[in-house]
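Only one structure is covered here, and it is reproduced in the block below.
The values are calculated or read from the model by the stated rules, or taken from the named source; none is laboratory data. As the structure is a prediction and not an experimental result, all values here were calculated from the model. Positions of Cβ are backbone-derived with ideal geometry, glycine not excepted, and every protein chain shown enters the neighbour counts.
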Amino acid sequence: MKNKFRILGTVLFGTMMAMALMFTSCKKDNDDPDDGKIDPGTIAKSNLIAYFAFEGDGKDEVGSMTPSNMSTTTATFVDGRRGKALQGAADKNSGLLYTLPADSKLKTLKAFSFALWLKQVPNTIETTDLPEQMVFHLDGKGDWIWGNLFLLQHRNWPEGESERDRNFAEMDCYFWKDDAQEWKGQRANNWFVEVSVPTWRHIICTYDNVTSEFHGYIDGVHITHFDGAEYGGVKRWQAGGEEVPLGDLKFNNPEKFAIGAWCDRLAGTDLQNDDWASPFKGLIDEFRIYDRALTAAEAKDLYDAEVTQIN
């Protein structure tokens, strides 16, 4: 009888040990060393031409550009969406200024995508404040102060006009085709980001030179008008009453690149010295630029990956 109990105990012990080993093995197999995080840098990696993480130095992690005005800028690096972020200020010295290398791919973009986190500041978009806050700006000689490529936060009308005017900022994406038949400068600016509360928003804008289409995404979702209708400024035309598609972009003599400010203001050329040409007063983080249009699926994948990395 004792032998039977001894044998039974041995069997039970062996079974428990086997189950424990299986559990341990499964746990190891299912262990995720990244804890569910996805590296956003793996999305369209071969087309990523610039990446600014803003971890205290403003360095371009892909193209190795560094700001030329670190000793004079009033912008700072603070806790951001992931690690540190660029915090703008209200004065004309805010922002980061870069001189483009001769071989910079930013100079020869035929198409583009850019993606970044923005945290806009409430109560800074009315007409009583310094408006037209520049998020980033690629300069050029083709169109006076506007340059070749930028993202701008428009001012709003005085509070009380409408819910949109009180709570949303109109965004303006601008890009240049120097050899266009008629419409060299292209503006896509009838889309809105809520700024009534200081909330992080992920913004992606794309232009496809093959389809001549502009697309934008907020938090991974394709942009719409404030009333919910689909954004109408998708197809871009260069001439002929919407008969000639825009095609390849062509920039005009880009030399400087600014983040959080107008190039001309930081460069001291004073081509634009009006008060309405304001630096961006909010926060910018995880700024990426690509040399082609991301697809809708890639835009969503990029946003989803970014979300896994947030502080």
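May I ask you to list the residues in the stretch 182-211 that are modelled with pLDDT under 85, part of a loop (DSSP other than H, G, I, E, B) and of a type outside the set (S, T, N, Q)?
Step one: of the stretch 182-211, the residues modelled with pLDDT under 85 are 189-198.
Adding the requirement that they be part of a loop (DSSP other than H, G, I, E, B) leaves 195-198.
Those that are modelled with pLDDT under 85, part of a loop (DSSP other than H, G, I, E, B) and of a type outside the set (S, T, N, Q): V195, V197, P198.
From (1) buried (at least 23 other Cβ atoms within 10 Å of the Cβ); (2) in contact with a Cys (Cβ under 6 Å, 6 or more places away or on another chain); (3) not polar (S, T, N, Q), pick out the condition that doesn't hold for F280.
All conditions pass for F280, except number (2).
Go through (1) farther than 21 Å from R265 by Cα; (2) crowded, with 22+ Cβ neighbours inside 10 Å; (3) touching a strand residue (DSSP E or B) at 6+ places or on another chain (Cβ under 6 Å) and name the single condition F114 misses.
Every condition holds for F114 apart from (2).
For the stretch 240-269: of the residues being of a type outside the set (S, T, Y) and without any contact (Cβ under 8 Å) to a residue 24 or more places away in the chain, which is nearest to D60 (Cα to Cα)? Walk me through how you get there before you give the answer.
Kept after step one, since they are of a type outside the set (S, T, Y), are these residues of the stretch 240-269: 240-268.
Next cut, without any contact (Cβ under 8 Å) to a residue 24 or more places away in the chain only: 241-243, 268.
On the way: G241: 40, E242: 38, E243: 39, G268: 22 Å.
So the residue we want is G268.
For R164, all conditions in the list (1) part of a loop (DSSP other than H, G, I, E, B); (2) modelled with pLDDT under 90 hold save one; what is the number of the exception?
Condition not satisfied by R164: (1).
Go through the stretch 258-311 and report how many residues are within 17 Å of T73 (Cα to Cα), part of a loop (DSSP other than H, G, I, E, B) and of a type in the set (D, E).
1
Answer with yes or no whether V62 is assigned by TED's automatic domain parsing to the domain that holds E286, surrounded by fewer than 16 Cβ atoms within 10 Å (Cβ to Cβ), of a type in the set (A, V, I, L, M, F, W, C) and modelled with pLDDT of 95 or more. Outline the logic, then answer.
Numbers: assigned by TED's automatic domain parsing to the domain that holds E286: yes; surrounded by fewer than 16 Cβ atoms within 10 Å (Cβ to Cβ): no; of a type in the set (A, V, I, L, M, F, W, C): yes; modelled with pLDDT of 95 or more: yes.
For V62, the condition - assigned by TED's automatic domain parsing to the domain that holds E286, surrounded by fewer than 16 Cβ atoms within 10 Å (Cβ to Cβ), of a type in the set (A, V, I, L, M, F, W, C) and modelled with pLDDT of 95 or more - is not met.
Provide a single number: the residues in the stretch 105-128 that are under 19 Å from the mean Cα position of the chain (by Cα) and not basic (K, R). Step through it out loud before you land on a result.
Looking only at the stretch 105-128, we keep the residues that are under 19 Å from the mean Cα position of the chain (by Cα), and these are 105-107, 109-121.
If we keep only those that are not basic (K, R) too, we end up with 106, 109, 111-118, 120-121.
Total satisfying the criteria: 12.
If you take the residues in the stretch 212-243 that are charged (D, E, K, R) and part of a loop (DSSP other than H, G, I, E, B), which one is modelled with the lowest pLDDT? Give the derivation first.
In the first step, residues of the stretch 212-243 are kept if they are charged (D, E, K, R); the result is 213, 219, 227, 230, 235-236, 242-243.
If we keep only those that are part of a loop (DSSP other than H, G, I, E, B) too, we end up with 219, 227, 236, 242-243.
Details: D219: 94, D227: 53, R236: 91, E242: 68, E243: 83.
If we take residues in the stretch 212-243 being charged (D, E, K, R) and part of a loop (DSSP other than H, G, I, E, B), then D227 is modelled with the lowest pLDDT.
Being of a type in the set (F, W, Y), assigned by TED's automatic domain parsing to the domain that holds T199 and surrounded by fewer than 18 Cβ atoms within 10 Å (Cβ to Cβ) narrows it down to one of F77, F52, so name that one.
Exactly one of F77, F52 is of a type in the set (F, W, Y), assigned by TED's automatic domain parsing to the domain that holds T199 and surrounded by fewer than 18 Cβ atoms within 10 Å (Cβ to Cβ), namely F77.
Inside the stretch 49-129, counting only strands (runs of 3 or more DSSP E) that do not spill past its ends, which hold 3 or more residues that are in contact (Cβ under 8 Å) with a residue 60 or more places away in the chain? First the steps, then the outcome.
On the way: elements: 76-79, 84-87, 96-99, 112-119.
Result: 84-87, 96-99, 112-119.
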